[in-house]
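The values are calculated or read from the model by the stated rules, or taken from the named source; none is laboratory data. As the structure is a computational prediction, the values presented were derived from the model and not from experiment. Don't worry about glycine lacking a Cβ; one is built from the backbone with ideal geometry, like all the others, and counts go over all protein chains shown.
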């Protein structure tokens, strides 16, 4: 978020390109939902959502190219602890009673 | 079980007693020995990585023994032996309702014979309760909407406190009772005192009156799976998973039939949520479980006058 | 408070926006940015609790979730996703306009962003209204007996489980909509301030930080859309 | 060289402007953005709520004097222990050390003029006050009877008390806590004085940094959980409703995801205080600085992996219970490391028995017991028997009251000259430290036994065989009450009559002692430059004053 990073950041055209990419990915995820991929449907949906989120974080929120590693560390730690919440509660639910 | 818990407890007491004394003595001795005196300055020490590693790793391995021993006991506590007598427990604000397999019912009292493994299959009608018998060192929360289980073997006759240990509202502290442990002959006498039909018979009647038996047939595969002997066996589901048909699975299949559909069947069964009470559910579950032992089960069936033509054993369980 | 004023006056010469307890503009900007990112982490955890609940229930009640999910309108959901993505682009453009000191451009991008946000909310409102009409709002009036598969056969999911799905649906989208409303309010205020010329190429931290907030709200929707609308649509 | 060092022993004349006499109007306090004034506002408000919570504690102990429920109705008793828990947890223990001592000291310790966001700091206090007003409103209009844990479905479906309002109070207090944590992290990252590198930071700052991480990551989860409970009551969104197939255990997972780490929010800052006290009163560098500093972070991070040890009998899977039990023992390691390092710091020191040091000794003792009994609870086989009994009650009081309050009171005495510019009366202070220690052990040690013999917690009446231990506990509670009232009285007294304190009465290390007592509004006339390591007591004692010259 520091200044030189701002200047090094992307042109308006690049931002529009990312925006267009996000729209295409949205269309893709809708289309993919109607194709029977078995257990891979939710995987594809989440994968596309994660790609979109990553694009937004890296290029719209300027984490890529940020002079500071700290911003990245903060973002990663946020998702890391969220993952802990999910993983350890699933550790309970997925091993319950029906073995 | 109580003895094992106590042994572990004593072990923990000893270890932590030693630790506590170590710290207390060290602090006291150091505080006195190095008390401030004129002309004596502190001697700076930066620290010692070797010491740090030592006093990280040794306690950790000591704690590992706690973990392993504790986990072993816990595993035993949570795994009822196969030969257990089963008792259904329904908790509600603020009482414990007990149903024996023989059909005996009691409230806030549980009579058990000495030396017999007893498995409790518990559910709650309202909030979370907890079945706690301090003398047996056991405790298990009792939840609405599902079964939790607990088992014990009483070794000495007598009356023991039963407490509710999970806060459940106004009379939480009054939601207690007694576990009455009796000599087998006294127990048999007590058991003979009541009228009551066996629980699975009640379940069997329900099975017929609710129409379960039209689809869950015992002779052939009907629209629902044949329930003969399914209890505690793995069931292949439509989505490829395999589950064990335990009490919770049977219960869920009655209340939420579409949640786990047995491979090869259609999700056609309606829910019985709101139609059957917790007690009726217990009876149905007991009945389905009784089908697991064909000889006794079939014998009971044959002696039953058939009200509707083919009405034997089946419950839903998709 | 004399000290306070003295120091404030001393800094007045440099930049009116520099607060007294910071030693430089860079320090102040970095502090604000870090603060905002930490706040976004709290938002991740805030929604994280609901995502966790969603995931657990989806695993436990998959059939009912799939059936209930098919009652949502993919068209409206996808449209709203697109609206939010476009609004994120306009936020990026707003930040760039602020950086370049183009006041009018900045104001117009901010206004467009607010309008897009409101479009999202209006569409969401229509979706909610449909839920009310179809009695898909959890509570005593909830009704889910009229679900049919492609062959017109009734899908016998337990209505209670479907109600659970709609509980999660309303909790998540409602909380998201609340964040959208806050964001719209925030950007409206910023638009007024921008119009008054509060922001210069040397100082536009509020725009940047509000933008970060907006992007995060967008990201949350990016996940909500497939998770809520696109469960097992192919069958 | 640091040009701003104020030599120790040079008492500022009482006429100089400091943060306390810089403006006397109510407005100058209520609209202040000065971290020190906000700390004082917090000090006043948490003290009031501590004694209110303590009053409820006394009511509980009085009711439990006899086995019968005779002093009050069952419902009243349930509301009393709920209010005791809620007030003590959300409105005392969580804010007490960070918001009072942390707020006051962190900018001073890192050589900053204020926290990074002074207005957000004030907002935090106002949020706390709104929470306080809400919970007071709840108290006066009927109360809540769920226990501070709000377990569903009792809280969502069955009780008819003011859950939504009480939840809102906790929610708002939670945001106060989030903003405090956010402010601390940004301040510690961005506002350190030149030369004050991470490995020169006082351990109190490290501890508050670790605390802030938990505040930021954990609090939002409990916030959303409370919201979900509220919408379940208000709009029938049945997220936890078992009738819809919802899972009451999910509530417990989400609740403890925050509320277990919250225990470390409480204890970590007090641990930081103890590190400061032990070093100062033994005139020693802390033994193993890096290990003590990093153990705080380790506790904060590992603290997020262990929450379901509150749920071993709740109906979670056998395997999950084992995972959580195993992980729980990992928290034991950094906690033990801290205790060992403090003890080792005493070795070859020059130990004074000033009041703060007595509290530090008390802390080590009580925390050792509290921590070790925590291992009992982490051990699956034991936990099944003692969870939800008085054993648990005793354990967490040893950590939260024995630990947190000992640290807080020790720190309060240590920094009282800095905060107020006055010294407290040493004799009275020593007496009260002794009373607290004795009273505390008398109150809570019997509860361990009570728990093991089977008395469940939250019981309004109990079988008569438990009475003796309960009487002992109540007797201890009255000693403890005196021990807590005394400091309030003599500290207030010292505001007017205490001897005037100079800038550094303890000849302590740390930048806060280089500011005047009490500090001026902007702490330092010029930003200090740090050229020395933390706890350089050898240099201080050699030179006769703080700083490195």
TODO: State whether one or more residues within segment B:67-89 are in contact (Cβ under 8 Å) with a residue 12 or more places away in the chain, in a helix (DSSP H, G or I) and surrounded by fewer than 15 Cβ atoms within 10 Å (Cβ to Cβ).
DONE: yes
- [ ] With respect to residue B:103, determine if the residue is at the interface with another protein chain (Cβ under 9 Å from one of its Cβ atoms) and on the phi > 0 side of the Ramachandran plot.
- [x] no
Open item on the list: Criterion first (more than 8 Å from chain B (Cβ to nearest Cβ) and under 21 Å from the mean Cα position of the chain (by Cα)) does residue D:301 satisfy it?
Closed with: yes
Open item on the list: With the requirement that a residue be within 15 Å of residue B:277 (Cα to Cα), more than 7 Å from chain D (Cβ to nearest Cβ) and in contact with a helix residue (DSSP H, G or I) (Cβ under 7 Å, 6 or more places away or on another chain), what does segment B:118-149 give you?
Closed with: B:123, B:125, B:146, B:147
Open item on the list: Suppose the filter is more than 8 Å from chain C (Cβ to nearest Cβ), closer than 29 Å to residue D:253 by Cβ and at pLDDT 90 or above; does residue A:76 pass it?
Closed with: yes
Open item on the list: Can you find a residue that is touching a helix residue (DSSP H, G or I) at 6+ places or on another chain (Cβ under 6 Å), within 14 Å of chain C (Cβ to nearest Cβ) and either over 20 Å from residue D:83 (Cα atoms) or not in a helix (DSSP H, G or I) (or both) anywhere in segment D:153-170?
Closed with: yes
TODO: Scan segment B:122-144 for residues that are in contact (Cβ under 8 Å) with a residue 60 or more places away in the chain and more than 16 Å from residue B:167 (Cα to Cα) and jot them down.
DONE: B:135, B:136, B:137, B:138
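Given D:212, D:270, which one is at pLDDT 95 or above and within 13 Å of another protein chain (Cβ to nearest Cβ)? It would help to see each step written out before you state the result.
Working: D:270 fails: within 13 Å of another protein chain (Cβ to nearest Cβ).
The conditions single out D:212.
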- [ ] Of all residues in segment A:22-49, count the ones that are in contact (Cβ under 8 Å) with a residue 24 or more places away in the chain and assigned to a loop (DSSP other than H, G, I, E, B).
- [x] 0
Task: Residues being assigned to a loop (DSSP other than H, G, I, E, B), within 23 Å of residue D:279 (Cα to Cα) and over 25 Å from the mean Cα position of the chain (by Cα) - total across segment D:506-531 - done: 7
- [ ] Determine which single condition residue D:393 fails, assuming it passes every other condition in (1) modelled with pLDDT under 95; (2) more than 16 Å from the chain's Cα centre (by Cα).
- [x] (1)
Task: All positions within segment B:237-287 that are touching a strand residue (DSSP E or B) at 6+ places or on another chain (Cβ under 8 Å), part of a loop (DSSP other than H, G, I, E, B) and surrounded by fewer than 20 Cβ atoms within 10 Å (Cβ to Cβ) - done: B:238, B:263
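Taking the condition of being in a loop (DSSP other than H, G, I, E, B) and touching a strand residue (DSSP E or B) at 6+ places or on another chain (Cβ under 8 Å), how many residues in segment B:9-56 meet it? I'd like the intermediate steps shown before the answer.
Let us first name the residues in segment B:9-56 that are in a loop (DSSP other than H, G, I, E, B), namely B:34, B:36-48.
Still in the list and also touching a strand residue (DSSP E or B) at 6+ places or on another chain (Cβ under 8 Å): B:34, B:36.
Residues that pass the stated criteria total 2.
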Task: Filtered residue count, segment D:304-340, keeping only those that are closer than 30 Å to residue B:48 by Cα, touching a residue at least 40 places away in the same chain (Cβ under 8 Å) and within 11 Å of chain A (Cβ to nearest Cβ) - done: 2
Task: Qualifying residues in segment D:233-250 (those that are facing chain B (nearest Cβ under 10 Å) and assigned to a helix (DSSP H, G or I)) - the one nearest to the chain's Cα centre (by Cα) - done: D:249
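Taking segment D:437-460 as the search range and keeping residues that are crowded, with 19+ Cβ neighbours inside 10 Å and within 9 Å of chain B (Cβ to nearest Cβ), which one is nearest to residue D:81 (Cα to Cα)? Give the derivation first.
Just the residues of segment D:437-460 that are crowded, with 19+ Cβ neighbours inside 10 Å, to begin with: D:437, D:439-441, D:443-444, D:446-448, D:450-452, D:454-460.
Then drop every residue that is not within 9 Å of chain B (Cβ to nearest Cβ), which leaves D:452, D:454-460.
Numbers: D:452: 21, D:454: 19, D:455: 16, D:456: 14, D:457: 10, D:458: 7, D:459: 10, D:460: 10 Å.
Filtering segment D:437-460 for residues that are crowded, with 19+ Cβ neighbours inside 10 Å and within 9 Å of chain B (Cβ to nearest Cβ), the one nearest to residue D:81 (Cα to Cα) comes out as D:458.
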Task: Candidate set from segment A:42-57 (those that are closer than 10 Å to residue A:29 by Cβ and surrounded by 17 or more Cβ atoms within 10 Å (Cβ to Cβ)); member that is farthest from the other protein chains (Cβ to nearest Cβ) - done: A:44
Task: Search result, residues across segment B:214-230 that are within 15 Å of residue B:268 (Cα to Cα) and surrounded by 24 or more Cβ atoms within 10 Å (Cβ to Cβ) - done: B:216, B:224, B:225
Task: Scan of segment A:9-41 for residues that are more than 7 Å from chain C (Cβ to nearest Cβ) and either touching a strand residue (DSSP E or B) at 6+ places or on another chain (Cβ under 8 Å) or more than 20 Å from residue C:89 (Cβ to Cβ) (or both), ordered by number - done: A:31, A:32, A:37, A:38, A:39, A:40
Open item on the list: Condition (residue is part of a loop (DSSP other than H, G, I, E, B), out of contact with any helix residue (DSSP H, G or I) (no Cβ under 9 Å at 6 or more places or on another chain) and either outside the structural domain of residue B:287 (by TED's automatic domain parsing) or touching a residue at least 60 places away in the same chain (Cβ under 8 Å) (or both)) applied to segment B:198-215: is it met by at least one residue?
Closed with: no
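Out of segment D:63-109, which residues are within 11 Å of chain B (Cβ to nearest Cβ), farther than 23 Å from residue D:129 by Cβ and within 20 Å of the chain's Cα centre (by Cα)? Break it down stepwise before answering.
As a first pass, look at segment D:63-109 and keep what is within 11 Å of chain B (Cβ to nearest Cβ): D:63-64, D:67-69, D:73-79, D:81-82, D:85.
Now restrict to residues that are farther than 23 Å from residue D:129 by Cβ: D:63-64, D:67-69, D:73-78, D:81.
Within segment D:63-109, D:81 is the sole residue that qualifies.
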- [ ] Identify, from the list C:139, C:211, C:197, the residue that is in a loop (DSSP other than H, G, I, E, B), in contact with a helix residue (DSSP H, G or I) (Cβ under 8 Å, 6 or more places away or on another chain) and closer than 30 Å to residue C:101 by Cα.
- [x] C:197
Open item on the list: I'm checking my understanding of the structure. Among residues of segment D:115-125 that are surrounded by fewer than 24 Cβ atoms within 10 Å (Cβ to Cβ) and within 12 Å of chain C (Cβ to nearest Cβ), which one is nearest to residue D:209 (Cα to Cα)?
Closed with: D:117
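Restricting to segment D:215-231, give me the number of residues that are away from chain B (no Cβ under 14 Å) and either part of a loop (DSSP other than H, G, I, E, B) or within 30 Å of residue B:124 (Cα to Cα) (or both). Steps first, please.
Looking only at segment D:215-231, we keep the residues that are away from chain B (no Cβ under 14 Å), and these are D:215-228, D:230-231.
Then drop every residue that is not either part of a loop (DSSP other than H, G, I, E, B) or within 30 Å of residue B:124 (Cα to Cα) (or both), which leaves D:221-228, D:230-231.
The number of residues fulfilling the criteria is 10.
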Open item on the list: I'm trying to understand the selection: among the residues of segment B:235-260, which are over 20 Å from the mean Cα position of the chain (by Cα) and within 14 Å of chain A (Cβ to nearest Cβ)?
Closed with: B:235, B:236, B:237, B:238, B:239, B:240, B:241, B:242, B:256, B:259, B:260
